[in-house]
1. How well do other chains shield peptide A:51-59, expressed as the mean number of their Cβ atoms within 10 Å of each residue Cβ?
2. With everything on Cα atoms, drop me the angle between helix B:252-264 and the longest principal axis of chain B, reported from 0 to 90° to the nearest 10.
3. Please list, in chain and number order, the residues 5+ apart from B:D18 or on another chain whose amide H is under 5 Å from its amide H, with Hs placed from the backbone.
4. For B:K231, which inter-copy label distances result when the label point lies 7 Å beyond Cα on the Cα-to-Cβ vector, reported in nm to one decimal and in ascending order?
5. Kindly write out, for segment A:181-195 in residue order, the coupling ³J(HN,Hα) from the Karplus curve 6.51 cos²θ - 1.76 cosθ + 1.60 (θ = phi - 60°), rounded to whole Hz, with x marking Gly and Pro.
6. Ordered by residue, what ³J(HN,Hα) values in Hz, to whole numbers, does segment B:62-76 give under the Karplus form 6.51 cos²θ - 1.76 cosθ + 1.60, where θ = phi - 60° and Gly and Pro are x?
7. Take the alpha carbon atoms of segment B:241-260, find their center, do the same for segment B:196-216, and report the distance between the two centers in whole angstrom.
8. Just want to confirm a number: the relative contact order over segment B:8-51, from Cα pairs under 8 angstrom separated by 6+ residues, in percent.
Protein chains: 2
Amino acid sequence: MKNTPITIHDIAKSLGIDSSTVSRALNNSDRVSLKTKKKIIEKANELGYQRNILASNLRKKETRTIGVIVPRISRHFFSSAISGIEETAFKAGYKVIICQSLEKLEREISLINTLRENRVDAVIMSISMETQNYNHLDGLTKENTPMLIFDRHCNVPGYNNVLLDDFMGGYEATMHLIQQGCKKIAHFSGPKNLNVYKNRLKGYKVALEENDIPFKEELVINSRLMKEDGKELAQKVLQYPQKIDGIFCANDAAAISAMQYLKKKKVKIPEDIAIVGFSNEPISAVIEPALSTIEQSGSEMGKIATELVLKQIKNKSIKTEPETIVLKPSLIIRDSSKKI
Amino acid sequence: MKNTPITIHDIAKSLGIDSSTVSRALNNSDRVSLKTKKKIIEKANELGYQRNILASNLRKKETRTIGVIVPRISRHFFSSAISGIEETAFKAGYKVIICQSLEKLEREISLINTLRENRVDAVIMSISMETQNYNHLDGLTKENTPMLIFDRHCNVPGYNNVLLDDFMGGYEATMHLIQQGCKKIAHFSGPKNLNVYKNRLKGYKVALEENDIPFKEELVINSRLMKEDGKELAQKVLQYPQKIDGIFCANDAAAISAMQYLKKKKVKIPEDIAIVGFSNEPISAVIEPALSTIEQSGSEMGKIATELVLKQIKNKSIKTEPETIVLKPSLIIRDSSKKI
DNA sequence: CTGTTAGCGCATTCAA
DNA sequence: TTGAATGCGCTAACAG
């Protein structure tokens, strides 16, 4: 707001009418005669008038803005989600403020408050890895601001969610490998206490059972600390083909560090190991053709999340039950190069 | 703004003082006694007060917001740039509104106006492919809003720019290939009339000359229409190794469509062709390990752009000459697998 | 159909 | 150090 911009009063004055009429005309109200409306719009264009939406928002108590917080914008899954959010919001006449928590709880808290200050009409977020409790979201709840958490699970009920179906994903991933002819399928999993990984593991087990493949504990590699787990994982792979002909990769942190380890040793994950992963993880480091799958999956999730949130904005008067939408995950697949 | 939020008046009333004192206290003015300040802040926390920044902005005529427009958020280079912009802006106490033009001029115009309505303090943008003239930016200029264009060139002087050094990039890319032992280096270029491609070609030529490698017209493949050019390109590659042992890829549109063509024919670009590309193009579709290079390059560009823009916001009173910053491009390299 | 009046929530000038 | 008064630019209720 550097050069004092034109206001509705300027237009009104130069036309010898009242500013409220100008306001009505510019908002295309039908309580202004077509003639004056036309006159006003012409003058507005002539003067290069640009509505001050801050004042308008203040007055109307709505911002038509959705706040979005993701851990990291540059992660392809999230940038695709943002893309989907922005498109859907734009169509509905909403703007989007994008923030990244960089996986820090402290930043997340600060961002939530910024969004509150900005009176966003709704918040869509994927929580940071550091986030364990949800006290910082209380304010939004009190203010009755629609909020939705996507991709990452939160253990507290009461929020809207858009999530991937982990069990189904694990099941289908494993089934795919089995159908490819894999017999010794390793499973890279995450911290044992997290439901995400529990459910993926369940899917893996059920698929094996259904195909009479015995489940072997040692083929499941749980990881939390990236570096060490990656090494273990890499070593198992190096024993191939005695051990492993397929990998269901449900934890990229480990997979990536495994890759780094292998890279140092100048070994690529052999091309005749089939790999399947989830589309919301940065698995592209391991599997090359993952990018478009991730993009599609993220974009879809963003779109659905936004649609849900827009619905809630509309129903703001009506108390609605929190909703959870579970999507069938797209899988990222690298089939074995040798037909097994 | 669903449940009527607390205002400074509520705080004032419940403390039996005036709202202006509350305002001063909350803005940490030294014109309030420490005692009342403390009292006010306590009460504010107690009531869960959240400043209405819309009103504040309206009053102060500044938004501490930077508007960003990119063609497509999900493109890795741009999401990385956004990431860099957001981080730098956040540190300086600025918010960021992100928009995508989806390469459409019409959307770009609409977005520019939305940003103007929102009274952003500055705009950082990368223009859409459809954008040929810059009339839609006039409003910003008139309003004296700092604006910066990054990555994509615009032919009109007068704007701030952050760009890659195309000549240097072309030169270094080609030099790298030559040092790898390549003798027949193809160059995938773009529309002949665009300076970007002219300069990259110049770099290519100079590098060849310096190494006494004759320049051959037929190794330069200009492309505009994606599909057909991709096919031509692919066919040249398929004639390898009679023809080509290295590619300086300066136009991904063509490269990607070439890849699609080759994929249909179940051919990968042979591993013993070395490829070099620019970090601001979606070359990751062609070269696998490009992601981190692109991320770094984008993030750096975003950071530098934002720093420049922040500087300009500060100097708003002082008329400054438009600035152009030219960065040395990072290259994306896939060396030949057979040592030539 | 148009004008008058009031106020959204805050920051700031002027007085006290 | 504090209070009173004003207005940022816009919209909406009410009156005519």
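1. 6
2. Approximately 60 degrees, to the nearest 10.
3. Result for B:D18 returns nothing.
4. Copy-to-copy label distances for B:K231: 5.4 nm.
5. x, 6, 10, 10, 9, 7, 10, 8, 10, x, x, 5, 7, 8, 4
6. Values per residue, Gly and Pro as x: 8, 10, 6, 9, 10, x, 10, 10, 10, x, 7, 4, 6, 6, 4 Hz.
7. Spelled out, the Cα-based centre of one part sits 17 Å from the other.
8. For segment B:8-51, the relative contact order is 35 percent.
A short reminder: the numbers here are calculations on the coordinates, not readings from a lab. Predicted model only: the values in this text are computed from it and were never measured. No Cβ is skipped: glycine too gets one built from the backbone with ideal geometry, and neighbour counts run over all protein chains shown.
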